[in-house]
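What follows is a single structure, written as structure tokens, with notes after it.
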Amino acid sequence: MRMLLLLAGWVALAAPPNLVELQPRGAQKGRPFTLTLIGTGLGEGASIVSSLPATFTALGNEHPATQASFLVEPTGDWAVGVYPIRVRGANGISNILLFSVGVFPEVTEEESRPGALPHQNDSIEKAQSLPTTPLTLNGRLIGAERDFYRIQGKANERRVFEIEARRVGSAIDPVIQVYDAAGKRIGRSEDDPAIGLDARLDLTFPKDGFYYVEVFDARFSSQQQDFYRLKTGAYSYASEIYPLGGRRGENVELTISNVKVNADLSKLQTRQTFVNLPDSPALPLPFAIGDLPELMEPVSGNLPLPVTVNGRLAQAGEVDRYELSVKPGEDLIFELQARELGTSKLTGLLTVYDPAGKKLASAGDGPLPVDVAAVQVSSRTLGDPFLMLQVPEGVTKITLTVEDLASRGGPHYGYRLHARRAAQELKATILNPFVNIPRGGTAMVAVDIERRGYMGPLTVTPIGLPNGVHFSGGLIPAEMPDPLVKTMNRRAVLSLTASPETQLEGTEIGFLVKGGALETKAAGLAYTIGVSGATAQGVVDRQRALVGPWLGYQMPAALTTPTPATLELSLLKSEKKETGYEYRVRWNFKSDNTMQAVPPTIGVDVPNLAAVRIIEMEVDRANPRTGTFLVTTAKSSLPGPYAVVATGRVMLAGTPIDVVAPILRLDVPEPEAQETQTNASNTTVR
């Protein structure tokens, strides 16, 4: 029994922390409050990591593994906005959840309180009463339910009702509806133009009496992050912004709802920041940060390159035109940034014409998940377009046009047009928001790379790798040349292995991607908050996972407790066959515990290798901790280096624990100039 208790304690410690919920999800600025974290693997001694200027004093808790409570006390001014919350413990770091700071007093939906009965306010008849003073209400939408609130209004009284959801890390797609005392709807908001998929309703009560506010999810979906913050009062807010961004290192003047404000970008290293109306209680709006010289439309004469043009389609059907002097054969890249920022409704279309008006190329008018007419009312989109063009012979001048695919326009149709001379470029994203590396063990990370024009080999290497941590992998071979294929996404996989004596404190790791003369730093996600219903293809805006480009370019890393076993791969031999190559690989589990059970098979993958098969997985009869498998390629498999990724699942006290092997490099040779034998002999190759 004592041994079982010790094992159970080891398992609880071994699991890295994971946050599922924060209680509450926001607070009134400057006021102390108690914050309770709910999740798994929290353990004793867990501390909070956050940019919120406050002290976090741990409080006693009856369930230390699944809950941790802290007294939060301000140490400086709290700006209205969103702040990341994560946990650091002896067993690693957790994911990020977001916490919102507002101005108004905070109240809680009755049925959202711990232990409360469900369905307490699901109809007008059962609406929860709210005070008439400004407030922020914290509520939840558990599946297909509707929440109703009752508030007393006066004739000609202005009132704003606003939902914070997607902007603060909730996966619901909120809708607000307001009814009068007779049940007649007098207002509705679903997707506000300035705040993406969140809702805001600004109305005036027609007469004295009670009014009812309804909140529900547009898709009536079930989400893990299903909270919302209903803000109400008579307040100012940023309803539009122009331009949508500025250049890094500069102080940029912009207009928010006809008010001039400044954005100081002199010291920021992120892709995005936030700006707000002075003294507004509403959340600030995102503001993009770029690295090219910037201009504002209209632009007279030829467009200089490289450049970022800040423009807006102010009227329905408006088309913005830019003239460029070019040379035959030179390569150009044009990219639009609009809808992805959340402050523009533009579904962009880029088109290039020669001096005679002949269309040379376009982007943004490819097949949509719905027909063009549905763009008027839906949030479906293929994303902001980019266009690669090689100037044809005889062309020395081109016209580039920017328009909305559905010919819309207005104050919410701003854009940032990036234009540069380049035949190739790379864009990279770190797919792991964070990583916990077992002491003496290995963790896997992945970097998504978008090739634009460049199809040669790629290498991905860590930046700032701590002492005692080693990496392998990060290699992507060249692609088969195809004049019709100009862009392609590939995923580089790297393993990070920590020696037993490694120390990591507040470490962040970046990744540098190189290909030929190109190089770029991979951008970090910071967090990934899933939205149920998303699919790999045809994903709509409202189903995309929530990420945090405003938090930086790197990946936080920490150490976690050792796994009960480690896994290693080794290449025994490689042979040339008639249909390709065969690689015999050995796996080997190692553990200090001679009683530790290991699985008879492991999971194996070779990313990016076409026509690969993993076969003949066999356990060594003399030693069940080791075995072999065969990796086979085909003649269609491209030559180059590949990563063999392997994981095994071991059990400890009934708990499954994944064990990752350091990546094994596998090299597929270049084909011989001429094959003289139909059936090649079994010749060993490197």
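FYI, it's all coordinate maths here, none of it is from the lab. Being a predicted model, the structure only gives us computed values, none of them experimental. Neighbour counts run over all protein chains shown; Cβ positions are idealised from the backbone, glycine included.
If eta is 0.692 mPa s and T is 37 °C, what Stokes-Einstein diffusion coefficient results for region 1-151, Kirkwood Rh from Cα pairs, in µm²/s?
Values: Rh = 17.2 Å.
Value of D from the Cα-based Kirkwood radius: 190 µm²/s.
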Query - Cβ-based charge dipole, region 591-663, positive-most Cα from A634, V604, V619 - result: A634
Report summary line: Spelling it out for L559: with amide H atoms placed in the peptide plane at 1.01 Å from N, the residues 5 or more places away or on another chain with amide H under 5 Å from its amide H are I437, L504
Query - Qualifying lysines (Cα of each under 20 Å from Cα of K514; at least 8 residues distant if same chain) - result: K427, K486
Report task. Considering Cα pairs under 8 angstrom that are at least six residues apart, work out the relative contact order of the chain and quote it in whole percent. Result -> 9
Query raised in the report: How long, wide and thick is region 398-541, going by the Cα atoms along their three principal axes, in whole angstroms, largest first?
Result: 61, 37, 26
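From the square roots a ≥ b ≥ c of the eigenvalues of the alpha-carbon gyration tensor of region 462-549, which class results: rounded (a/c under 1.5), prolate (a/b over b/c), or oblate?
Details: a/c = 2.44, a/b = 1.23, b/c = 1.98.
Since a/c reaches 1.5 but b/c is at least a/b, the shape of region 462-549 is classed as oblate.
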Report task. Give the residues of region 590-620 whose amide nitrogen is closer than 11 Å to a point set 7 Å from the Cα of A634 in the direction of its Cβ. Result -> 610-613
Report summary line: Log entry: pair-distance distribution for the chain, C-alpha pairs binned every 20 Å from zero, whole % per bin is 15, 44, 33, 8, 0
Report task. Over all directions, average the projected area of the Cα convex hull of region 129-237 and note it in nm². Result -> 6.3
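Provide the percentage of antiparallel DSSP beta bridges, counting only those with both residues in region 56-194; round to the nearest 5. Display every interim value, and only then the final one.
Details: 15 of 20 bridges.
Approximately 75 percent, going by the DSSP bridge assignments.
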Report task. Divide by every residue of the chain the summed helix terms, -39500 (n - 2.57) for each DSSP H run of at least 4, and state the resulting mean residue ellipticity at 222 nm, rounded to the nearest 500 deg cm²/dmol. Result -> -500 deg cm²/dmol
Query raised in the report: Taking region 293-373, which trypsin sites (Lys or Arg not before Pro) meet the DSSP loop condition and have no more than 14 other C-beta atoms within 10 Å?
Result: K358
Query raised in the report: Given H placed 1.01 Å from N in the peptide plane, which residues other than close sequence neighbours of G245 have an amide H under 5 Å from its amide H?
Result: A288
**Report entry** Potential extension, L59-T396 segment - 0.36 nm per residue separation minus Cα distance
**Finding:** 114.3 nm
Requested in this report: Tabulate in residue order the Karplus-calculated ³J(HN,Hα) for region 146-155, using 6.51 cos²θ - 1.76 cosθ + 1.60 with θ = phi - 60°, rounded to whole Hz; enter x for Gly and Pro.
Outcome: 10, 10, 10, 10, 10, 9, 8, x, 10, 4
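What value does region 478-620 have for Rg/Rh, both radii from Cα atoms and Rh as Kirkwood defines it?
Working: Rg = 20.4 Å, Rh = 20.3 Å.
We get a ratio of 1.00 for region 478-620.
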Report task. May I ask for the percentage of alpha-carbon pairs in region 286-344 that lie more than 15 Å from each other? Result -> 60
Report task. Any lysines with Cα under 20 Å of the K154 Cα? List them, leaving off those in the same chain fewer than 8 positions away. Result -> K184, K207, K231
Report summary line: Listed by chain and number, the residues whose amide H is under 5 Å from that of R219, excluding neighbours fewer than 5 places away on the same chain and using placed H, are D173
**Report entry** D_trans [Stokes-Einstein, Kirkwood Rh over alpha-carbon pairs] for region 252-336, 10 °C, 1.306 mPa s, µm² s⁻¹
**Finding:** 102
Query raised in the report: Which whole-angstrom value gives the distance between the alpha carbon centres of region 472-492 and region 121-181?
Result: 49
Query raised in the report: aspartates and glutamates within cross-link reach of K29: Cα-Cα under 12 Å, excluding same-chain residues under 8 positions apart?
Result: E73, D77, E106
Report summary line: Where a ≥ b ≥ c are root eigenvalues of the Cα gyration tensor, a/c under 1.5 meaning rounded, otherwise prolate if a/b exceeds b/c and oblate otherwise, region 59-131 counts as oblate
Requested in this report: Hand me the trypsin sites (Lys or Arg not before Pro) from region 600-674 located in a DSSP loop with no more than 12 other Cβ atoms within 10 Å, in residue order please.
Outcome: R621, K635
Report summary line: As a percent rounded to 5, the proportion of antiparallel DSSP bridges among beta bridges in region 235-324 is 65
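Take every Cα-Cα pair in region 177-318 and report what % of them are more than 28 Å apart.
38
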Query - Size-normalised alpha-carbon gyration radius of region 73-174, reference 2.2 N^0.38 Å - result: 1.30
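Just the ratio, please: alpha-carbon radius of gyration of region 474-523 over 2.2 N^0.38 Å, N its number of residues.
Details: Rg = 15.9 Å, N = 50, 2.2 N^0.38 = 9.7 Å.
Its radius of gyration relative to the 2.2 N^0.38 Å reference: 1.64.
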Requested in this report: Determine, at each q value in 0.23, 0.29 (inverse angstroms), the log₁₀ of I(q)/I(0) that the Debye formula gives when each Cα of region 100-147 is one equal point scatterer.
Outcome: -0.92, -1.18
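Given a Förster radius of 30 Å and the C-beta distance between S266 and T459 as r, what FRET efficiency does 1/(1 + (r/R0)^6) yield to the nearest 0.05? Intermediate results must be reported in sequence, preceding the final value.
Details: r = 33 Å, r/R0 = 1.10.
In this case the efficiency is close to 0.35.
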Report task. Within the chain, what's the longest run with no GluC sites (Glu not before Pro) in a DSSP loop and at most 11 other beta-carbon atoms within 10 Å? Give the range, please. Result -> 63-392
